Amino acid sequence: MKKNELAAAALVFLATIGTVLGIFGFENFRKSRLYTVELIARAPDNGNWYPRKITVPFGKKVKILIRNIETVTHGFALPDFNVAVKEIKAGEVVVVEFTPDKKGAFPFMCTVWCSDQHMNMTGEIVVE
Amino acid sequence: MKKLVVVLITVVLLASFGGLVWYALRHSRGMPVEIETPQWLTLEAPFLEKEIDLKEGISQGLWDSLGAKEIKLLYQVMVMPWPKALTPLVKAKAFHNKKEIYFYLEWNDDTEDRILEVNKFSDACAAMFPLDEKTQIPSLMMGFLGKANIWHWKASQDREFWRKEERKSSAYADYHYPFEEQETFPVSKETPKSAVNDLIAIRVGTVTPKETQNIEGRGFWQDGVWRVVIKRMLNTADTDVDAKFNIPKRLCAFAVWNGAKGDRGGRKSISDWVELEVK
Amino acid sequence: MRNQNSSLLRALRTLTMTALFTVCLLVTICFAAERFFEIKAKRFVYTPNIIKVNKGDIVNIRLISEDVTHGFFLDGYSLNTSSHPGQEGSLKFTADKTGRFSFRCSVTCGALHPYMMGHLFVLPNSLFMAGAFTILLLGIASLIFALRKKQKDERLKLFGIIPLDLRFPLTKFKPLRTLLKSRWFPFILIMLNLFIFTVILLAGFIGGLSSGSYNFGVMLVWILWWVLLMMFMVPIIGRFWCMMCPFPLIGDWIQRGKLINVGKQKSWGLSKRWPNKWRNLWPLVVLFWISTWFSGFFTVKPFATFVLLGAIILLAIIVAIFFDKRTFCLFVCPVSGFQGLYANFSMIGVRSRDPETCRKHTLKTCVVGSEKGYGCPWMEIPFEMNRNTYCGLCFECFKTCPYDNMDLVLRPFGQDLFVEKRRTDEIYHRRGTDEAFKAITMVGIFLSFFLAFQGPYGHLKDMVTAKTLKGYLGYLGESFLVDFLLIPGSLLIFAYLSKKLSKNKEVKLKDVFVNFSYCLVPVGLAIWAAFSLGIILPNGSYLLHIISDPFAWGWNLFGTANFPWTPVFTYAMYYLQVVVALIGFIFALDFGFKFSLKTYNTIEEAKRGWVPMLIYLIVIHILFLKLFVG
């Protein structure tokens, strides 16, 4: 009978704490392996891009995971490297890849009118 | 004793839940960051008892006495195609003399591009004034939702108008992106009435020249810098299609084209809204 | 001569009809116009929000977004366009299908995006006319059936065919009985749900204020669970959800000291008894109504869903350590009220089999518990339980009964609605005003929700989301007026007319009112099921996305993360809604006359007393029809 109780308690912990730990563990592992950086898209009213300044090494392929955590459509443009995502709908997650072939600071911005301060939705990629 | 334990459990549960809620709220929009609320730039147009006759020049000395507002420009990326290069900054100044209003725009450009040929485009700049009193913000996109009056100065047109020189080439290209028809057709029908086109637009792709062209302008390039002056009567009769300046604060926006980098039509560097204060 | 005349007349009549018909046809063809509409979209309303065209017209629509990207999906025609601000979208089609079609936003544009819609009428609206005609026809048929009745039935029969007191014991099958007697059941189902709810809470916690459509928590609770509950679980298997609900788990563990084995019979904690005057559905009528005040905020924001569910779980634990047993489930859980009431309609129930066995059993372990299980945690009396309202299907009584005298029975719809008072006259065992008001308020809440969330009215959406304080108070006021004054008031008036017409002076008006309000049980179930159709068919495709990417992190567990938003069966949806509403109507007609027979003494009184209620039911159903397709 005691075994039943232990088994039941184990199930409860597995279903709750186990699930939470498993999910976070998996996500951290996945992110660290697959992407150089995770970029969150938000309108300037809600905090703008995060991080707004991204530093990457010269010559190494860069993979950016862009997540739109808002309820409006955004977009992503990095004209200096000809990288674009025409629209990133609310909740969508996209990946952009490019290999930086010049050094300096390059602006990226949103391509879909998303808020009153849309023109202010810009960030910078610094290649060293 | 039991009551105490029960109350304690309740308090602990409520407190932890409260903590979780507070944490979730703080992170409800991702990593919490400072939210900046940038104000629009204000460009002042003070009253000066001066006049500029563009036939003589652009009166650089007069302009040097006025302070400039540095307006940041961004790649136009909302509509394809995009420009290939960015002009990051334009310096703007303005004044009026109760009869006319004058704008001065200065920006860096490595080359002076005044000739239109196959695959060669003109440098240009423009000022846009929404016509709707209650401007809706998305109408930054070419007068969307409420018309806009656009004053478009082109270096090639400036050359034609002020020098009245013959066209160097009679070739034309018929491949172009939409909205660029007027840009790539160098064979013009008549000599222009001004260096600045007086246009009206209600959204992307609807730029139309007005019946009456009211604007004068002139620009000079020297050592990698363009300096352009545009002038118009302060108040015009037809306020339906002409920008009004009798409001103390109104919105305007600017754009710059770098012909050497292939800028034309939607391929330009644009500014955010700027507040124009006519003193 | 006469024959010639009549044949001449007939020929003339045929000719005239043909001519008229041809003219009508020609008119329709020749005057099929080309219509142009410029529709502005701004959160969360279209302007114009209602457009009307005629069948055969060529419709051109220009979509202009005024603030952020919006879309335009037309139900029934399955056409889609969208526009960013600064650009526009366009549609052109021939309106060859008639009826009322919603056009809804197809690009997430903000919090209330799933509820942003307008109406396109393609006239003539034949579905509405056919539906109204059917309602009248059914009403007349019901009246004819009623009037032709000669005497009261010995045994009530559903639709005159199936005896209402029929019970088929499912637990006749040994495997089922063994399952129900195991202490691991329903624990194992609760574990599964615990896992799912952990993911839901986590998704809500992480999701913050992001798009609800791409959040596991929001989608599972408000699309999957709510729809399953209203369309399937409650009408057919009663309080099945209560059986596998994970919310009381921690409370039970604390009270009993054991998770799965049998521990304390008396709850640890203060173990207070819920006061007698509140041991009915009244607290839940009020609590559930209050929870609908916040409906504009909950169902679309992950954070709000997290707070709501977290608060309910917290409340469940706290109530469990202050009060005894499942006080929370019985009198505090917001979902409990309508589940309890509507479970009386469902097809299953837990009942004792042989009353003689129970009479001989003095210990009554189903009530006090034994080493095999707990005394009924829902504080019911299993051996004489005759209604489903307060039974949560926990199956402890199966485990404690030494004679295996408890059965899980299959029975016709609505059996419990007709049980009479018991010897003990406990409130559990009879129809009452509290349940009447629960049925009434559920209809009223449906009206508010349907108009606000599945309607084209922007100002209603503003009111519900408290855009202005005045608007929000207006919504609360309107909700109160409809739920507690308008519907019960109108029902009272018709109950009074019924009593007057029956010419019975002794019957209490309150009894007439209460009995007839139970007609609103099948009606409520049907309209909520139809409401759920309007949720699941357009938005069900989101579920495919969230099972692959529950947190909008870029996962793709099952390969369906990029499944686009795909409304399904949007043409059939309207027909389905009408059919479901009609099914509720038919049940209400059948039950209603039976209630009339129960309320009044003679059959003649019952026939006369039925007429006003029949008219009431016909009127409200035409109103519902107008909401769904008119």
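The values are calculated or read from the model by the stated rules, or taken from the named source; none is laboratory data. Computed from a predicted structure; not experimentally measured. For neighbour counting, all protein chains shown are included, and Cβ atoms are generated from backbone atoms with ideal geometry for every residue, glycine included.
Quick one: which residue in A:Val93, A:Val83, A:Val37 is among the aliphatic types (A, V, I, L, M) and closer than 22 Å to C:Gly217 by Cα?
Sole residue among the options that is among the aliphatic types (A, V, I, L, M) and closer than 22 Å to C:Gly217 by Cα: A:Val93.
Being away from chain B (no Cβ under 13 Å), surrounded by fewer than 22 Cβ atoms within 10 Å (Cβ to Cβ) and of a type in the set (A, V, I, L, M, F, W, C) is the filter; apply it to the range C:195-207 and report the residue that is nearest to A:Gly25 (Cα to Cα).
Within the range C:195-207, the match that is nearest to A:Gly25 (Cα to Cα) is C:Val199.
For the range A:105-128, enumerate the residues that are among the aliphatic types (A, V, I, L, M), within 14 Å of chain C (Cβ to nearest Cβ) and outside any loop (DSSP other than H, G, I, E, B).
Residue satisfying the conditions is A:Met119 alone.
Would you confirm whether any residue within the range C:103-119 is surrounded by fewer than 21 Cβ atoms within 10 Å (Cβ to Cβ) and either of a type in the set (Lys, Arg) or at pLDDT 95 or above (or both)?
Taking every residue of the range C:103-119 in turn, at least one turns out to be surrounded by fewer than 21 Cβ atoms within 10 Å (Cβ to Cβ) and either of a type in the set (Lys, Arg) or at pLDDT 95 or above (or both).
Residue by residue, here is whether (1) at negative phi; (2) out of contact with any Phe, Trp or Tyr (no Cβ under 6 Å at 6 or more places or on another chain); (3) assigned by TED's automatic domain parsing to the domain that holds A:Trp113; (4) of a type in the set (Val, Ile, Thr) holds:
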residue: A:Lys53; (1), (2), (3), (4): yes, yes, yes, no
residue: A:Val56; (1), (2), (3), (4): yes, yes, yes, yes
residue: A:Leu65; (1), (2), (3), (4): yes, no, yes, no
residue: A:Ile69; (1), (2), (3), (4): yes, yes, yes, yes
residue: A:Thr73; (1), (2), (3), (4): yes, yes, yes, yes
residue: A:Lys86; (1), (2), (3), (4): yes, yes, yes, no
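Looking at (1) buried (at least 18 other Cβ atoms within 10 Å of the Cβ); (2) within 14 Å of chain A (Cβ to nearest Cβ); (3) out of contact with any Pro (no Cβ under 8 Å at 6 or more places or on another chain); (4) among the hydrophobic types (A, V, I, L, M, F, W, C), which is the only condition B:Leu105 fails?
(2)
Would you confirm, using the coordinates I've provided, whether A:Glu27 is out of contact with any Gly (no Cβ under 8 Å at 6 or more places or on another chain) and in a helix (DSSP H, G or I)?
yes
For the range C:560-615, which positions are among the hydroxyl-bearing types (Ser, Thr, Tyr) and more than 20 Å from C:Phe128 (Cα to Cα)?
The answer is C:Thr560, C:Thr566, C:Ser596, C:Thr599, C:Tyr600, C:Thr602.
Quick check: anything in the range C:546-556 away from every other protein chain (no Cβ under 13 Å), farther than 30 Å from C:Leu614 by Cβ and aliphatic (A, V, I, L, M)?
Yes; the residues of the range C:546-556 include at least one that is away from every other protein chain (no Cβ under 13 Å), farther than 30 Å from C:Leu614 by Cβ and aliphatic (A, V, I, L, M).
Under the condition of being within 10 Å of chain C (Cβ to nearest Cβ) and either basic (Lys, Arg) or not in a helix (DSSP H, G or I) (or both), which residue from the range B:24-42 is surrounded by the fewest Cβ atoms within 10 Å (Cβ to Cβ)?
B:Arg26
Residues of the range A:63-103 being of a type outside the set (Phe, Trp, Tyr), out of contact with any Lys or Arg (no Cβ under 6 Å at 6 or more places or on another chain) and closer than 15 Å to A:Tyr50 by Cβ, which ones?
Listed by number, the residues that qualify are A:Ile64, A:Leu65, A:Ile66, A:Arg67, A:Asn68, A:Ile69, A:His74, A:Ile88.
Would you check which residues across the range B:67-87 are surrounded by fewer than 19 Cβ atoms within 10 Å (Cβ to Cβ), more than 9 Å from chain A (Cβ to nearest Cβ) and of a type in the set (A, V, I, L, M, F, W, C) and list them?
If the condition is that a residue be surrounded by fewer than 19 Cβ atoms within 10 Å (Cβ to Cβ), more than 9 Å from chain A (Cβ to nearest Cβ) and of a type in the set (A, V, I, L, M, F, W, C), then B:Ala68 is the only one that fits.
Do we have B:Val21 as in a helix (DSSP H, G or I) and out of contact with any Asp or Glu (no Cβ under 6 Å at 6 or more places or on another chain) here?
So B:Val21 passes the test.
If C:Cys329 satisfies all but one of (1) more than 21 Å from the chain's Cα centre (by Cα); (2) surrounded by 23 or more Cβ atoms within 10 Å (Cβ to Cβ), what's the number of the condition it fails?
(1)
Limited to the range C:208-228, what total is found for residues that are in contact (Cβ under 8 Å) with a residue 24 or more places away in the chain and either more than 8 Å from chain A (Cβ to nearest Cβ) or under 30 Å from C:Gly524 (Cβ atoms) (or both)?
Final tally of qualifying residues: 14.
Kindly list the number of the only condition in (1) assigned to a loop (DSSP other than H, G, I, E, B); (2) touching a residue at least 24 places away in the same chain (Cβ under 8 Å); (3) at the interface with another protein chain (Cβ under 9 Å from one of its Cβ atoms) that fails for B:Ile52.
Just one mismatch for B:Ile52, condition (3).
Got a number for residues in the range B:156-172 being modelled with pLDDT of 80 or more and either in contact with a strand residue (DSSP E or B) (Cβ under 6 Å, 6 or more places away or on another chain) or closer than 20 Å to C:Asp67 by Cβ (or both)?
1
Taking C:Tyr342 and the conditions (1) closer than 24 Å to C:Ser267 by Cβ; (2) assigned to a helix (DSSP H, G or I), which numbered condition does it fall short on, given that it satisfies the others?
(1)
Among A:Val95, A:Val72, which is within 12 Å of chain C (Cβ to nearest Cβ), out of contact with any strand residue (DSSP E or B) (no Cβ under 7 Å at 6 or more places or on another chain) and under 26 Å from C:Tyr542 (Cα atoms)?
None of the other options fit; the residue is A:Val72.
Does C:Ser271 qualify as being among the polar types (S, T, N, Q) and surrounded by 19 or more Cβ atoms within 10 Å (Cβ to Cβ)?
Answer is no for this residue.
In the list A:Lys102, A:Lys86, A:Lys60, which residue meets the criterion of being out of contact with any helix residue (DSSP H, G or I) (no Cβ under 8 Å at 6 or more places or on another chain), charged (D, E, K, R), away from chain C (no Cβ under 14 Å) and not in a helix (DSSP H, G or I)?
Among A:Lys102, A:Lys86, A:Lys60, only A:Lys60 is out of contact with any helix residue (DSSP H, G or I) (no Cβ under 8 Å at 6 or more places or on another chain), charged (D, E, K, R), away from chain C (no Cβ under 14 Å) and not in a helix (DSSP H, G or I).
Among the listed residues C:Ile39, C:Ile50, identify the single one that is aliphatic (A, V, I, L, M) and crowded, with 17+ Cβ neighbours inside 10 Å.
Of the residues listed, the single one that is aliphatic (A, V, I, L, M) and crowded, with 17+ Cβ neighbours inside 10 Å is C:Ile39.
Residue-wise test of (1) under 19 Å from C:Val629 (Cβ atoms); (2) touching a residue at least 12 places away in the same chain (Cβ under 8 Å); (3) within 14 Å of chain B (Cβ to nearest Cβ).
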{"site": "C:Glu38", "(1), (2), (3)": "no, yes, yes"}
{"site": "C:Arg43", "(1), (2), (3)": "no, yes, yes"}
{"site": "C:Val53", "(1), (2), (3)": "yes, yes, no"}
{"site": "C:Asp57", "(1), (2), (3)": "no, yes, no"}
{"site": "C:Leu63", "(1), (2), (3)": "no, yes, yes"}
{"site": "C:Phe73", "(1), (2), (3)": "yes, yes, no"}
{"site": "C:Thr81", "(1), (2), (3)": "no, yes, no"}
{"site": "C:Gly89", "(1), (2), (3)": "no, yes, yes"}
{"site": "C:Thr94", "(1), (2), (3)": "no, yes, no"}
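Take the range A:30-55 and flag every residue that is outside any helix (DSSP H, G or I), among the basic types (Lys, Arg) and at the interface with chain C (Cβ under 10 Å from one of its Cβ atoms).
A:Arg42
Just for the range C:260-303: of the residues that are without any contact (Cβ under 8 Å) to a residue 40 or more places away in the chain and in a helix (DSSP H, G or I), which one is nearest to the other protein chains (Cβ to nearest Cβ)?
Out of the qualifying residues, it is C:Phe294.
Which of the residues spanning the range B:116-146 are more than 14 Å from every other protein chain (Cβ to nearest Cβ) and under 25 Å from C:Glu88 (Cα atoms)?
Within the range B:116-146, B:Ala126, B:Ala127, B:Phe129, B:Leu131, B:Glu133 meet the criteria.
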